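Please read the structure below before turning to the comments.
The values are calculated or read from the model by the stated rules, or taken from the named source; none is laboratory data. All figures in this text were calculated on a predicted structure; none of them were measured in a lab. Don't worry about glycine lacking a Cβ; one is built from the backbone with ideal geometry, like all the others, and counts go over all protein chains shown.
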Amino acid sequence: MTTTTRPVSELTAAIVNPLMMATNDVFSMMLGCKPSRDGLSLKTDQTPTHELSAVIGVTGKAVGTIVFSVDRGTAFAIVDRMLGIEVTEINAEVRDAVGEVTNMIAGAAKA
């Protein structure tokens, strides 16, 4: 899940659509799968939604924060697809993989 912490008045399709497209592209190209979503919502509280979250600040045309938050099972699947290793506990590889996916999404959305 990718979210932003921008005020509602500033959160527009011009910001959301590139994030959604970037997330789809990264999951497709790097992980060989397509992400699914239940809907869109704006979080006003900054408490992470899932067990693992990575946060990247964004500057430029838009200024804000991108948060990629996943549950344990999704994080383990990301590691398996990226590194080809099976993990059963949260470790450095899991944290690094979640951070790297977040970085790729932010970079692709900003491009």
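Laid out as a table, the results:
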quantity	calculated
Which numbered condition Gly64 misses (of (1) out of contact with any Lys or Arg (no Cβ under 6 Å at 6 or more places or on another chain); (2) under 18 Å from Leu42 (Cα atoms); (3) not hydroxyl-bearing (Ser, Thr, Tyr))	(1)
Members of the stretch 82-94 found to be exposed (fewer than 13 other Cβ atoms within 10 Å of the Cβ) and part of a loop (DSSP other than H, G, I, E, B), listed by number	Gly84, Ile85, Glu86, Thr88, Glu89, Asn91
Residues within the stretch 41-57 that are more than 12 Å from Val67 (Cβ to Cβ) and either touching a residue at least 60 places away in the same chain (Cβ under 8 Å) or polar (S, T, N, Q) (or both), tallied	2
Only listed residue being modelled with pLDDT under 95 and of a type in the set (S, T, N, Q), chosen from Thr88, Thr65	Thr65
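Each row is one residue, and each column tells you yes or no for (1) exposed (fewer than 15 other Cβ atoms within 10 Å of the Cβ); (2) of a type in the set (Gly, Ala, Ser).
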site	(1), (2)
Ala62	no, yes
Ile66	no, no
Arg72	no, no
Asp96	yes, no
Glu100	no, no
Ala111	yes, yes
